[in-house]
Amino acid sequence: MAKWVYGFGGGSADGSAEDRALLGGKGANLAEMSSLGLPVPPGFTITTEACTWFFANGNAYPEGLAAQVDAALARIGEIAGGRFGDAGDLLLVSVRSGSRASMPGMMDTVLNLGLNDETVAALAAGSADERFAQDSYRRFIQMYSNVVLGLDHEMFEEILEDARADRGYEQDTEMSADDWKGVISLYKGRIEEELGRPFPQDPKEQLWGAIGAVFSSWMNPRAVTYRRIHNISASWGTAVNVQAMVFGNMGETSATGVAFTRNPSTGEKALYGEFLVNAQGEDVVAGIRTPQNITEKARIEAGSDKPSLEKLMPQAFRELVSIADRLEGHYRDMQDLEFTVEKGKLWMLQTRSGKRTAKAALRIAVDMAGEGLISREEAVCRIDPASLDQLLHPTIDPKAERQVIGRGLPASPGAATGEIVFSPDEAEEMKRQGRAVILVRVETSPEDIHGMHAAEGILTTRGGMTSHAAVVARGMGKPCVSGAGSLRVDQKNGTLLAAGKTLRKGDVITIDGGAGQVLEGAVAMLRPELSGDFAAIMEWADGARRMKVRTNADTPADARVARSFGAEGIGLCRTEHMFFEGERILAMREMIVADTEEGRRAALAKLLPMQRGDFAELFEIMAGLPVTIRLLDPPLHEFLPHGEEEIAEVAAAMGISAEKLGQRTEALHEFNPMLGHRGCRLAISYPEIAEMQARAIFEAAAEAAKKTGDPVVPEIMVPLVGLKSELDFVKARIDQVAKTVMEETGTHIDYLVGTMIELPRAALRAREIAQAADFFSFGTNDLTQTTFGISRDDAANFLETYRLRGVIEQDPFVSLDLEGVGELVEMAATRGRETRPDLKLGICGEHGGDPASIAFCEKTGLDYVSCSPFRVPIARLAAAQAALGKG
Ligand code: PEP
Ligand code: MG
């Protein structure tokens, strides 16, 4: 019989941390903690396979599951005492989800399950605390009704709020047992009104309802959205964890909290976390009450007058510190812990690798390598390359004036400016219009994920450092200020009251997630300094990688930035971008409009010194590093004006008739310009263009070599080649110019001529093309376009729909389609090297900065990747991880 249920508790467990896929992260780690002998309430995990079975079989349960659950419940009773459903010998349980990847806040939890009108009395008697028992019961009804019965959470909050207001209370803690009884009776009445049947009293029925709800929540829209954003497969399913209840709400010696073994914002090595006295788990995350600090040090730093756990419950605190150390050493990573103190006794409810900011990730990896806990290679592999983007986020210029209109917690670092929006849907909509927004909420919930994703930053008026907003923002690498209590959000009227001002949707604010400040208007920003831990990891990464990392840079400014990020040369200089400025565009247009070769050559002669100057500057900046310059690529009409008015204006400036310019524009019109007269086709129609560019390159190389003393070896790249004869034609012109310039300058110049591989035909005929090419550079933007037959300029309109409907998993223009386009790349690499074993291979499409694509390039044996300047650090790290065999 298949095993669907894995038990844990009492110092042993059926599973272990290795069983993450089967038991989910939470279940596997509960099992591991049990086996380590840590204080874990006994329980069991229903496997993810049962969940998969559930969905494959019309939401039914597999045979044998019910009996295994019964046996496991009995076992919990043996360890914890009590019998589930027995009012005479009470055993209550919690039911929680837990998938393979941690999905914070995405799935639902039910606590205190097993309570009913009868057992609540038993709980009161057993705990000698009637108030506690009734509070637990009302929490259970509230959670169960929301999660399992699908009733609106707000409905209960309203009843509760009214009850508090009637009695003149501010806090739930002021409610007495009788007050709670009144609320419970109102809850039950309301549920019966809504559903036409009473709240279920049978504990077994409650349990199976909860199990079904956890499974079903795997498919709820917010879980689906989260999976989409984080590329988690729907096929994994979630496990269900059922565990004996321990109570953090049994009075002033009870508490519940979360802790990180190191600071998740900064990475500092110090236990860090928050707790609430006399509360249950969800209270901390929901941010309903402002939590207290765990350590005295953190309390003093935060300037809080509420006692720390260290002061309040010293014994539980000491045990927590020792368990935290032990778990971090055991898992060799920073842990995120959930715990409950029941009448002074500490219980561990969860451990997992903690989410952290990129800054913290770097510090933790570097520190742990220093402590000898992990190797330097492991440290390099611990950093998510894409997360480095967070560090490249701007911070507020210290010299800028700050108009502070509110303060909250520094929940996630970095600064962001944007227009205020109050709902996640608005955030998404405005982002679609290309506008930057700050999502402003009282507190966020998992339903807000899509809006948080769309926003530049998140501001909440309630909630702590571990509130939903804070945790999710840090995970996404977005700036967040949480718990800005002095601000008032009026959702209904769409206003934000701040420092006596009324701000509305669309008003611009800036948040500083590092300082916890809300500022009026836009504020000057600075790019961060990349030193310290960042530099250490980069250095270790550079020591581990095989592939070189170059940059795509068209201007000296780009090239300088890329060099500062560690680029080892230029893999693609798109020369056309040099033609758009000021006088250049004029000369370019003259060239295009000219009817004769002489006319074109005259215009090109004006462009020559400008190009030469640009190239010389690039060679100097890259001092001795390889620079690949691509000949003109786009269709010529891109340089001409469109629309009558603009044509007339330009014609006047050029001193020709609008009619002539209009005719030329018309003549250059193409139905499908991306498959039209572009790339090497231009050089074949107008060799004089390629000749001018080659001359500019060689003269600049001679000039730069003379100036710097370093030899310059330019790499000239011919775009959009499909036939060897195309490359032969263009290469012959380049070689001729090289010879002439060498004679003229009396300088010998080494140079390479190569081609881009951006057409399937080029990949197929790579053997013969390699006869004429010193290098191949994979132009995977065009290669993806031409392999799929999907226009790269129009794809966004429907590829997102493809992704949402599960037709494709990833946009192939973002992450290389390894199966199709990848096969062509592999084929071309192999065939090219058959002809020329020393053929230099690189990639310069957008994929050159995408970690998954970089891993593919490593496997395929490319010599380098080339990406935009700001992705250079990401590529360096991803290339190292690929070389170390990660992923
Ligand atoms: C490519 O096609 O991948 C490429 C790098 O060239 P471009 O994007 O300029 O067409
Ligand atoms: Mg291209």
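Structure notes:
- Alpha-carbon gyration tensor eigenvalues x 5, square-rooted, for the range 506-655, Å: 39, 27, 11
- Using Cβ point charges alone (K and R +1, D and E -1), the dipole size of the chain about the Cα centre works out to roughly 1400 debye.
- The 3J(HN,Hα) values that the Karplus relation (6.51, -1.76, 1.60; θ = phi - 60°) gives for the range 578-589 are, in residue order, 7, 9, 8, 7, x, 5, 5, 4, 5, 5, 4, 5 Hz. Gly and Pro appear as x.
- Modelled FRET efficiency - R0 22 Å, GLU447 with LYS505, Cβ distances, 0.05 increments: 0.70
- Accessible surface computed residue by residue for the range 646-774, with neighbouring protein chains in place and a 1.4 Å probe, gives 44 Å² per residue.
- Alpha-carbon Debye profile of the chain, log10 I(q)/I(0) at 0.11 Å⁻¹: -1.29
- FRET efficiency, ALA667 to ASP794 (Cβ-Cβ, R0 35 Å, nearest 0.05): 0.90
- When the trypsin sites (Lys or Arg not before Pro) in the range 745-830 are filtered for DSSP coil states and for at most 11 other beta-carbon atoms within 10 Å of their beta-carbon, the remaining sites are ARG805.
- Per-residue extension of 0.36 nm, minus the Cα-Cα distance of ASN493 and GLU170, leaves a gain of 113.8 nm for this segment.
- Measuring how big the range 124-171 is from its alpha-carbon positions, Rg and Dmax come out at 12.6, 33 Å.
- Rounded FRET efficiency, nearest 0.05, which uses the C-beta distance separating GLU743 from ASN220 and R0 of 51 Å: 0.10
- Sorted largest first, extent of the range 422-564 alpha carbons per principal axis (Å): 56, 34, 27
- Whole-percent carbon and sulfur share, accessible surface of the chain, 1.4 Å: 49 percent
- Loop-located trypsin sites (Lys or Arg not before Pro) in the range 433-516 (DSSP state not H, G, I, E or B) with no more than 15 neighbouring Cβ atoms inside 10 Å: ARG435, LYS492.
- Distance (nanometres) between label positions extended 7 Å along Cα→Cβ at SER185 and LEU764: 8.3 nm
- Look at the Cα gyration tensor of the range 4-95: its axes a ≥ b ≥ c give a/c of at least 1.5 with a/b at or below b/c, and that counts as oblate.
- Derived scalar couplings ³J(HN,Hα) [the range 634-650; Karplus, 6.51 cos²θ - 1.76 cosθ + 1.60; whole Hz; x for Gly, Pro]: x, x, 5, 4, 4, 8, 9, x, 10, x, 4, 4, 5, 4, 4, 4, 5
- Remark: spin-label model distance ALA653-ALA524 equals 3.1 nm, labels positioned 7 Å along the Cα→Cβ axis.
- Extension gain for HIS677-ALA128 works out to 189.0 nm (0.36 nm per residue, less the C-alpha to C-alpha distance).
- Loop GluC sites (Glu not before Pro), the range 386-442 (other Cβ atoms within 10 Å of the site Cβ: 12 or fewer; DSSP): GLU401
- Full extension of the chain between LYS343 and MET1 yields a length gain of 119.0 nm, computed as 0.36 nm times the residue separation minus the alpha carbon distance.
- Within the shell defined by Cβ-Cβ distances under 9 Å, the residues around ILE621 carry a net charge of 0, with Lys and Arg each +1 and Asp and Glu each -1.
- Computed over the range 255-356, the P(r) curve from all C-alpha pair distances, binned at 5 Å from the origin, holds 3, 14, 26, 27, 21, 9, 1 percent per bin.
- The phi torsions of the range 75-82, fed into the Karplus equation with coefficients 6.51, -1.76 and 1.60 and a -60° offset, translate into couplings of 5, 4, x, 4, 7, 8, x, x Hz, rounded to whole numbers, with Gly and Pro shown as x.
- Longest segment of the chain lacking chymotrypsin sites (Phe, Trp or Tyr not before Pro) that sit in a DSSP loop with at most 16 other Cβ atoms within 10 Å: 170-579
- Put a dot 7 Å past the Cα of ALA270, heading toward its Cβ, do the same for ARG805, and the two dots end up 5.4 nm apart.
- Once the 1.4 Å probe is applied to the protein heavy atoms, the range 294-443 comes out at 45 Å² accessible per residue.
- Taking amide H as placed 1.01 Å from N in the peptide plane, ILE570 has its amide H under 5 Å from the amide H of THR551, VAL627, THR628, each at least 5 places away in sequence or on another chain.
- Note on the range 719-791: the C-alpha convex hull projects to 5.2 nm² when averaged across all orientations.
The values are calculated or read from the model by the stated rules, or taken from the named source; none is laboratory data. As the structure is a computational prediction, the values presented were derived from the model and not from experiment. Don't worry about glycine lacking a Cβ; one is built from the backbone with ideal geometry, like all the others, and counts go over all protein chains shown. The area values use the complete protein model at the heavy-atom level, side chains included, leaving out ligands, DNA and RNA. Shrake-Rupley method; radii C 1.70, N 1.55, O 1.52, S 1.80 Å.
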